[in-house]
Amino acid sequence: MQPHQGSDLANHSKNKKHMNALEELQAAQARQAGSVDDSVPEPAARHGIVSGLTTTVPRMDTWVAALNGVLKRASFESAVDDAASGSVGSSLLGPEADSSSTVTRKLLQCLRAPLDEEDLWAMQNSVASSIGIDKGGVYLVAYARTLTKAGGLYEFLLGIDSNTSPDSDEADAARVTVEALKRILLRAATKRGTQRRETPYFGPDDVADDRAAQAFCDSVVSITADGGPTEQRAAYECSPRVGELVGVPGRQALFPHCGLITRDRAHRVRSVQKLFFSKLPPVFQEFINSLMLGPRSLCSLIQQSEKFRKAFTDKQKKFRSAAGEEELETAIGFSNLIKSMSFADHRFDSRIRPLHRLFRLLVVVLAMLEDIASGRGPWQPEDKAFATELLLQFSGDQGFNVVVSAALVADTMIVAAPFLRVADESNADFALSADAAAKCLADLRHLLKDGGIWLPQAKDTLVHGVLRAIKDKLIFCGEGSKAQAVAIRFYAIFEAFFKSHFPGYEEANCMVLFNLQVELSLSDREKFTKSLAERLGLDGGKAWESIVGNGRSTGLLAQARYWNSPAGIAAAGDEKGGPHRCHPPESPHQKAWLRVWKDLSKQRSDCHKDAKRLIEFYLASLSGTGTIERFIGCIGSLKTPGRNTVHDRSLEASLKLLQQDLHGRRRERLSPKSLLSKDAPATTSGGATVLHPATPYLLKCQRLYSQWFGERASVGRSLEVASLADLGKSMVQQKKPRLKASKACSKSSEAEQLKQHTASCNAAVAQIKSGDVPETVLGTVLPAPGPTKNMLGDMADEAWQMRKRRKLQDAEPKPVPDVASSSASTPSAMAALLASKPASDNNDVDGLDWSKAVAAVKKQAEVAEKRAAAQAAAVPGQPASFVDSTGGSMLVKPEGAPLRQPAVPKALPLHPTVLLGEGVRKSRRLPLPSGCVFTNFPKTADIVLVSSVTAAWETAEALLARLEGAWLQDLENRKVKFNGSMHKQHFIFFITGSFAAAHPQHSRALQACCERSPLMKSATAKAHVKRLEVHSGTVQDYVGHGKKLLYPKLTYELVVGTGEAQRETQHQAEGELRASSTQQLDLRQLLSLCGRCVEAT
């Protein structure tokens, strides 16, 4: 409900402004000669409530409606309807008031202005900062965290820029990204002027604050980016390493004091999971594909076929009624999430939740497959064949090992999930990284290598669930010892990828020294401190002395522990923030060390200078891009079809308002009414009561609106309200909580089962650590695990050895040692396999193909050594050289080559070809150059002449102009020059039957352009292929004829609307599947994909 806004007419007469206006009115009437007294009797005074808002700016409900439109991802036009339907007064003069799509755009710029001012202040007063960058589509998103001189951690959105290269393989894509980042920084460091008459996005008197920009750039100490080649190279070209990469020694860096460039740890965890899965023996991958990932998998059948979906649901209901359980997973939710796992690996739970749900419902799946194979029900012969073939994969010794091993894969990913969750948190605290990584690897070592997964304590893991599901079934006759050997080798593969991506010596792990709760010995903390300090060019001995204390004064570590204690928290809570107050850090470690840094800043002595710099580096550094990933997702939701043409600055303003407030990154959801209206009524200077007084934030925005866009009285403002009782009632209804009975968490819910899984794994790990190992559920006895050092201790030793290596300047990569003889961490079974030696015991004879795993482990050992060599050769205070996942490094790219300039439209030929659109006839008065040659649709053309560019924007002629790269021109001489997607890009389109029926002319244009499409050399096809390929039918029909998709990421099915997938499924025979990996486009999305504009006049 919108806030009411009315006026107390009884008290209004006492207002000084009203009395002056009344006197002027009476004087003007007295001066009029021969005036006639036709006044209307004054109505009786009514008790109302005034708003306290001026009538020369948009009223409060218009501002609230603009923010509500952003929250609802609605178009700007719908905000007009929201404002008109808002209940503000009695609408004496009309409801249209002061709202329009243009006004809404102006309001967004005014609403973001206070946030921009706080950002500029933070940049001016930054002590140490870090930047996170990532690309989503064509948008580059830059996010920053800065430690201010006032002692606050301020996180804010620097901005977005869409003028970036969408193709990561372009030679200058990284340099284009660097230029986009510079533009973002320049806009963020701009002081807004007092005029915006021509455009709402910037004014002629806006001035760039060079000092603020320079202060911020000088304060940047670290950069975090995704692992893509574009973002990583762009980060390095902003760092002091830019001279090496462009071949110009001494080149000035954008961030001259940047000492660390790191890849987002959450992306690294996902890479480890995906690589681990991809290097398993093919039999495991084939099994998972038949269940989930393949185009004709069981989950795809449940998703696409009504017959399979009903059978799966009925079987769940039967098991639930028989077992008396409260709830089970539904078929729809099960299928949707598994579909997301297959084709959206960027999702947080892409390889965790689907596997968990699948193996939890394995009993249901087996029962359903048995019914289909037996022929009970309305099943066709092909359905019976499918079920029989899938059941055969479960049978025999091989089936037992495959099923149990697949559950082991799922358990491995679930155990690693907490580490992924820590790495993906918004607070981005480096102090938590090493502890989470050490616990992840230690738990997997105890569960897989030491055999804890087979103990009875691990009863709630997926492996035990699968063993219970297949118990007493005749199709299984496997041996448990083979499954144990497979588990050991799984750990060897996972450990190889994990240690390559998360080496113990990296700076992120060294910052565990700031963790106040982890069990870390003093000697290990010293190793981390000295290694990190010397890596950043500081004196490690002095830094450690300051942190631990020298006997004469209390060490900084003890001070931080005090501020993290209940007494310290209570003492720190009494302090009041200043005018630029920031949100307190969410991490207790950051909160305590920030208080220590404040105390050090008050001291005039420099005795703790190195430790202070170390603390600044820790506090300011972003450990991941999780927040940026959420921003990119928010951009996708804001760019809806109703907002597809939104300006970049309006998009940036919406994004900033949703994710940021005056104190930094928003902790609570945006509430328009709370932001713009105070909760309690107030009284004006004239004694009038204000029911919804404006907040200082709204008053500031209104003043900006008046300065930027001029004062214009609102003809539709209403001043009278119905009654005070109605308004009071509405306020009570708004504040009344919506109470409802809370639903208790069921024991069979997914969240509860994941908790039970974690508890069971912890119990098994504790049993292994105790040394008293009982008999496993497989009937075997595990050997007693040997004494092992804490994983954090291993990381500390690695950091210490790297410190020695730096001092010795040992930067040459060392040969990879013989894994079988020297690697104590690699299990013996995998060690024998890696060394190509025959195994002596029967546990290694499993008949599986481990060749991919062998090659992968050896390769990762080489990559890890190259990264260690790059770390040893790094200059203190500068980032280490980049080494990718294959061991490659960044090549020198000479700076002489100019940046990719914006495309310039080619000049028209001497006799241009003109295609006349619908409603346009030949005439001498047409705005065309001389010598034109007219042609017919769908032939090629240089100019497509239509009656109106806007009206013909989605016509078949406009699609032809997009594909050919022609001018789209109308009778008013408005022109749009397209880039020509069939000449610049590579697409494969499949025209479905419904799309061809709904858009026959568009389909005709696509087919015609395909026939004359230019060729391109393809390394994948090893031949020349057309840039534009068009096929009739669906992708499933194409694959069903034995053909292979060479470019699945560039393949699109053209459909009609969002419900096309369901309609296409209904026309297919039951059991026949579509390729769920195929991307689908409707007409509007097709036009957007092919519509890269070059010039518009």
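Where a number appears in this text, it was derived from the coordinates with a stated rule and is not lab data. Here the structure is a predicted model, which means the values were calculated and not measured. FYI the Cβ positions are ideal-geometry reconstructions off the backbone, even for glycines, and counts take in every protein chain you see.
For the peptides 156-164, 192-200, 1034-1042, what is the packing order when you average, over each peptide's residues, the other Cβ atoms within 10 Å and list the highest mean first? Intermediate values should be presented prior to the final figure.
Details: 156-164: 21.4, 192-200: 14.9, 1034-1042: 16.4.
Peptide ranking by packing, descending: 156-164, 1034-1042, 192-200.
Going by C-beta contacts inside 10 Å, put Ser271, Ser1032, Ser623 in order with the fewest on the left. Walk me through the numbers before you get to the answer.
Working: Ser271 17, Ser1032 14, Ser623 26.
The most exposed by this proxy come first: Ser1032, Ser271, Ser623.
Quick one: which residues, 5+ away or cross-chain, put their amide H under 5 Å from the amide H of Val1030? H built at 1.01 Å from N.
Here the answer is Phe989, since their amide H atoms fall under 5 Å of that of Val1030.
Would you mind ranking Ser706, Ser374 by Cβ crowding within 10 Å, fewest neighbours first?
Ser374, Ser706
Taking θ = phi - 60°, what integer Hz values does the Karplus form 6.51 cos²θ - 1.76 cosθ + 1.60 yield along the stretch 602-609, in sequence order, with x for Gly and Pro?
7, 7, 8, 6, 9, 5, 10, 4
Give the peptides 178-191, 921-934 in descending order of average Cβ contacts within 10 Å, highest first.
178-191, 921-934
If Rh is defined by the Kirkwood formula over all Cα pairs and Rg also comes from Cα, what ratio Rg/Rh do you get for the stretch 913-980?
For the stretch 913-980, the value is 0.91.
Quick one: which of 909-916, 530-537, 773-780 comes out on top by average Cβ neighbours within 10 Å, and what's the full order, highest first? If you can, show how the numbers build up before the last one.
Values: 909-916: 16.8, 530-537: 22.4, 773-780: 15.0.
The peptides rank, most packed first, as 530-537, 909-916, 773-780.
Of Lys315/Lys1049; Lys274/Lys459; Lys656/Lys984; Lys859/Lys893, which sit over 31 Å apart, Cα to Cα?
Flagged as over cut-off: Lys315/Lys1049; Lys656/Lys984.
Tell me, what is the percent relative contact order of the stretch 913-980, built from C-alpha pairs under 8 Å that lie six or more residues apart?
32 percent
Could you please rank Thr388, Thr627, Thr224, Thr313, placing first whichever residue has the fewest other Cβ atoms within 10 Å of its Cβ?
Least crowded to most crowded, the residues run Thr388, Thr313, Thr627, Thr224.
Where the centroid of each part is defined by its Cα atoms, how far is the stretch 488-504 from the stretch 521-536 in Å?
24 Å
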